[in-house]
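J.: Input: one structure, supplied below.
Each reported figure results from applying straightforward, stated rules to the coordinates on display, with no laboratory input. Note that the structure is predicted; figures quoted are calculated from it, not measured. We place every Cβ from the backbone using ideal geometry, glycine too, and count neighbours over all the protein chains shown.
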Amino acid sequence: MVIKKRQILWDWTNSSGAGNPGVPGKLDQVGFGANSPVASLINWNAWVPPELKGRVPFRPMVRELASASGNDWSIIQNNNFPIILFFNEPERHGISPEKARDIWLKQMVPLRKNKGRKLGSPAVASDDNGRKWIEKFMSLIPNDKPDYLCLHYYSTNADEAIKYITNMHNKWNKIPVMVTEIACIDRNYQNVVKFTAKVCNWMDKQSWIAEYGLFDFQRKVADDFVSPAAQLMDANGNFTELGKKYCHEQPMKGPDGKVLLVAEAGEEEAAAVGVQSLAVEEQPEEEVAAASAAADDAETDAQLIEPLTNEEGEETATAENGTEEEPTMGIMAISQDAQKALNLHNNKRKGKNLKALTWDDKLAQNATAYAKVLAQKGKLEHSPGSSRPNQGENLAAGTGSLNLEKSAKMWLDEEKNYHGEKIPDGNFGSYGHYTQCMWKSTTKVGMGSAKGSNGWTYVVGRYSPWQLYWTEAVLIIMRLLLMLRLGYLLETGFHTVRSLLR
């Protein structure tokens with residue numbers, strides 16, 4: 001299924017005008033249509049480029065103070081644009097939050113109330129000045145928030161981009177996001193492609209990101225800050241390889257030609273942790289995606305809400321080869337691949353003085369069954385929490401030689417992203433697989449895999465008991481206290497307690 005979120009940031013000099021023939025015909029390289037990931041076009045102005053020809057919606061912008069009056073404002077008032085964007089990096093153009101508030105309330109909000117338009121917030125730079133500006137602006141309009149939080153981000157680090165966008169989204173009561181400018185500023189083309197593929201694939205998968213625009217389609221490098229290696233159009237108006245990838249390739253491939261996919265948690269998991277659970281993993285040998293989430297069911301055992309380390313420091317038996325001799329259970333002998341995956345888990349847990357996990361045949365059978373479901377669907381998505389009571393779930397998918405061992409390694413490699421924060425605080429999506437593998441009270445694991453007709457291998461890991469988030473534990477306790485107050489537990493007994501946790 002094509003995900004339509006990508007904006008074409010079409011520099012206004014590409015359109016024909018007085019003394020400027022432009023390159024309007026070059027817009028045809030986008031290849032608009034049902035199979036295109038392109039959703040809209042922006043030119044930082046109120047007027048519609050004639051060459052657009054209605055092929056996708058146009059997003060007009062009140063770019064600066066002058067745009068709030070005269071011909072630009074007349075265009076916006078007298079057309080049926082469904083979404084209108086407001087101010088482009090106002091903190092860098094001498095527009096105060098107070099001045100922006102006045103125009104917002106007097107001119108923009110009536111467009112929403114009277115004409116049903118949706119409004120994008122001012123898009124600030126991601127530096128300290130930009131963040132302070134938008135924080136002040138949002139505090140000045142408590143009852144008239146924008147429909148979309150518009151963001152800009154430029155850097156060399158894709159993980160930092162993901163973290164920034166996620167944090168900004170969480171800051172303002174989950175307002176949907178439009179990333180109206182984003183680009184890698186690295187001067188190395190391979191690094192630019194890597195950044196772009198990772199970030200675009202991640203944004204494609206986030207339900208709360210409405211649209212995003214890669215900067216930008218113009219015939220010259222905008223300034224010294226922007227990287228020449230990130231140009232989407234050459235001096236003649238022809239799309240660069242990066243420009244073609246952005247317009248036509250979904251998911252986007254990295255510099256090695258391998259797809260970097262991002263998987264997100266289902267709605268139940270997302271609601272539980274407050275953000276989409278996600279992970280981006282890069283493997284040189286195959287195309288890989290991963291996701292992590294916890295089940296909806298949990299025991300209200302106090303030991304579940306614990307740090308990862310074991311203060312008691314129990315010792316684990318070691319085999320002659322120097323690796324842990326892993327405990328298993330059940331009646332089936334596990335495969336060599338499964339044993340290696342189990343060893344990876346327990347070697348990592350031993351380093352934190354955590355008890356070793358045992359391999360559970362039933363968990364492995366259930367994991368394999370769900371892996372077959374994913375292989376049939378050809379899509380990486382979490383199973384409903386109700387189908388796996390008291391079980392956590394890690395997912396992976398990839399081409400090539402992906403197996404249980406490599407999937408476990410991928411999840412555990414997220415250790416570098418976890419710094420002891422209270423789960424699920426911070427960028428949970430970047431460390432959630434790791435904490436599931438390392439959860440102190442988890443005692444059993446089972447994994448399974450299946451190969452789909454699309455050539456992808458799907459891997460499922462199941463953990464019991466699952467990692468219970470602090471926020472969820474508080475909610476469960478509050479529900480218990482409420483029922484105690486009402487006297488329900490006295491009437492229905494222990495089974496009522498159990499039903500709250502399912």
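J.: Among the lysines, select those whose C-alpha is under 29 Å from the C-alpha of Lys106, and discard any that sit fewer than 8 residues away in the same chain.
T.: Lys115, Lys118, Lys132, Lys136, Lys145, Lys171, Lys174
J.: Further question on the same structure: Label Asn114 and Asn347 with points 7 Å out from Cα along Cα→Cβ: what is the distance between them in nm?
T.: So the label points at Asn114 and Asn347 sit 6.9 nm apart.
J.: Right, next: So for Asp234, Asp224, fewest C-beta neighbours within 10 Å to most, what's the order?
T.: Result, fewest neighbours first: Asp224, Asp234.
J.: A further question follows. Mean separation of Cα pairs under 8 Å and 6+ residues apart, divided by the residue count of the range 86-145: what relative contact order is that in percent?
T.: This gives 49 percent for the range 86-145.
J.: For Lys106 and Gln29 in one chain, what is 0.36 nm times their gap in residues minus the Cα-Cα distance, to one decimal in nm?
T.: Extra length available between Lys106 and Gln29 comes to 23.7 nm.
J.: Another question about this same structure. Give me Cys247, Cys200 ranked fewest to most by other Cβ atoms within 10 Å of their Cβ, as a rough exposure proxy.
T.: Final ranking by Cβ density, sparse to dense: Cys247, Cys200.
J.: Something else: Between Asp224 and Asn173, what length in nm is gained on full extension when 0.36 nm per residue of separation is reduced by their alpha carbon distance?
T.: Using 0.36 nm per residue and subtracting the Cα-Cα distance, I get 14.8 nm.
J.: Something else now. Determine the shape class of the range 6-260: with a ≥ b ≥ c the square roots of the Cα gyration tensor eigenvalues, call it rounded for a/c under 1.5, and otherwise prolate if a/b is greater than b/c, oblate otherwise.
T.: oblate
J.: Would you mind checking the pairs Lys26/Lys53; Lys205/Lys362; Lys26/Lys163; Lys163/Lys198; Lys163/Lys416 and listing those with alpha carbons more than 23 angstrom apart?
T.: Lys205/Lys362; Lys26/Lys163
J.: To the nearest 20 Debye, how big is the dipole of the range 6-260 about its Cα centre, given +1 on the beta carbon of each Lys and Arg and -1 on that of each Asp and Glu?
T.: 740 debye
J.: Rank the residues His248, His152 as a footprinting-exposure proxy: fewest other Cβ atoms within 10 Å of their Cβ go first.
T.: Lowest to highest Cβ neighbour count: His248, His152.
J.: Another question, then. Could you let me know the centre-to-centre spacing of the range 203-236 and the range 446-462, using Cα atoms, in angstrom?
T.: 35 Å
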